[in-house]
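Okay, structure first, notes after.
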Amino acid sequence: MNTYGLNVEATVENLTPVMAFLEEHLEEAGCPLKTQMQITVAAEEIYVNIAHYAYAPGTGEAAVRLEITDDPAAASITFIDCGVPFDPLKKPDPDVSLSAEEREIGGLGIYMTKKTMDKVQYEYADGKNVLTMMKRF
């Protein structure tokens with residue numbers, strides 16, 4: 001197992017270094033491009049939510065941890081922040097049978113994350129939001 005970490009100020013401006021960090025290590029691990037794209041889209045959704053809401057109206061730190069295993073080949077990405085406790089997995093899934101105009105705003109990104117990742121879990125522990133998502137490749 002290989003483990004990598006990155007700590008950044010939880011701002012939208014730091015999305016680029018977070019994505020570069022994930023893409024670099026996923027590529028090194030031989031993660032297929034399609035799977036990399038699914039992981040990075042989900043990671044972008046989670047990180048942007050932290051940047052927008054965890055510390056609003058102020059800011060704070062976000063930690064991103066990446067673990068890559070060989071057998072089975074998988075990537076686990078953990079996002080940790082000390083912001084307002086919030087479990088995005090408790091939000092009801094949007095009714096995707098409705099048109100975009102009929103649907104309530106929000107929630108689609110978390111829904112897509114849950115659908116594309118093999119596992120997504122959240123816990124609030126020691127004053128921290130900890131969201132982990134895993135994808136086999």
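The values are calculated or read from the model by the stated rules, or taken from the named source; none is laboratory data. Fair warning: this is a prediction, and the values are worked out from it, not measured in the lab. Virtual Cβ from ideal backbone geometry, glycine too; neighbours counted across all protein chains shown. Each accessible area value is taken on the protein alone, full model and side chains, heavy atoms only, with ligands, DNA and RNA left out. Shrake-Rupley method; radii C 1.70, N 1.55, O 1.52, S 1.80 Å.
Given H placed 1.01 Å from N in the peptide plane, which residues other than close sequence neighbours of Gly60 have an amide H under 5 Å from its amide H?
Those lying under 5 Å, H to H, from Gly60 are Ala10.
Bin all alpha-carbon pair distances of the chain at 10 Å intervals from 0 and give each bin's fraction as a whole percent.
With 10 Å bins starting at 0, P(r) equals 12, 43, 34, 11, 1.
Putting +1 on Lys and Arg Cβ atoms and -1 on Asp and Glu Cβ atoms, find which of Ile80, Thr11, Met112 reaches farthest to the positive end of the dipole of the stretch 1-134.
Result: Met112, furthest along the dipole toward the positive end.
Sort Met117, Met134, Met37 by accessible area with a 1.4 Å probe, largest first. Walk me through the numbers before you get to the answer.
Values: Met117 10, Met134 35, Met37 115 Å².
In descending accessible area the options line up as Met37, Met134, Met117.
Give me the distance in nm between label points sitting 7 Å out from Cα along the Cα-to-Cβ direction at Val41 and Asp118, one decimal.
It is 1.9 nm.
Taking the Cβ of Phe21 as the center, what net charge do the other residues with Cβ under 13 Å away carry, scoring Lys and Arg +1 and Asp and Glu -1? Before the final figure, lay out each step's value.
Working: positive: Arg65; negative: Glu23, Glu24, Glu27, Glu28, Glu44.
Local charge sum for Phe21: -4.
In whole Hz, what ³J(HN,Hα) sequence does the stretch 121-135 give by Karplus (6.51, -1.76, 1.60; θ = phi - 60°), x for Gly and Pro?
Each residue of the stretch 121-135 in turn: 9, 10, 8, 10, 9, 6, x, 10, 7, 10, 10, 10, 10, 10, 9 Hz.
Going by accessible area, probe 1.4 Å, with all protein chains left in place, what is the ranking of Phe137, Phe79, largest first?
Values: Phe137 60, Phe79 5 Å².
The ranking, largest first, comes out as Phe137, Phe79.
Top to bottom by accessible area (1.4 Å), largest first, where do Tyr53, Tyr124 land? Don't skip to the answer; put the middle values down first.
Values: Tyr53 155, Tyr124 105 Å².
So the residues, ranked largest to smallest area, are Tyr53, Tyr124.
Using a simple charge model, +1 on the beta-carbon of Lys and Arg, -1 on the beta-carbon of Asp and Glu, nothing else, what dipole does the stretch 31-137 show about its Cα centre, in debye to the nearest 20? Don't jump to the answer; show the numbers that get you there.
Working: 11 positive and 16 negative charges, 37 e Å.
With only Lys, Arg, Asp and Glu charged at Cβ, the dipole is about 180 debye.
For a label point 7 angstrom out from the Cα of Glu9 toward its Cβ, which stretches of the stretch 60-100 have the backbone nitrogen within less than 12 Å?
Inside the label zone: 60-62.
So what is the relative contact order for the chain, in percent, with contacts set as C-alpha pairs under 8 Å and at least six apart?
On the way: 222 pairs, mean separation 38.0, N = 137.
It rounds to 28 percent for the chain.
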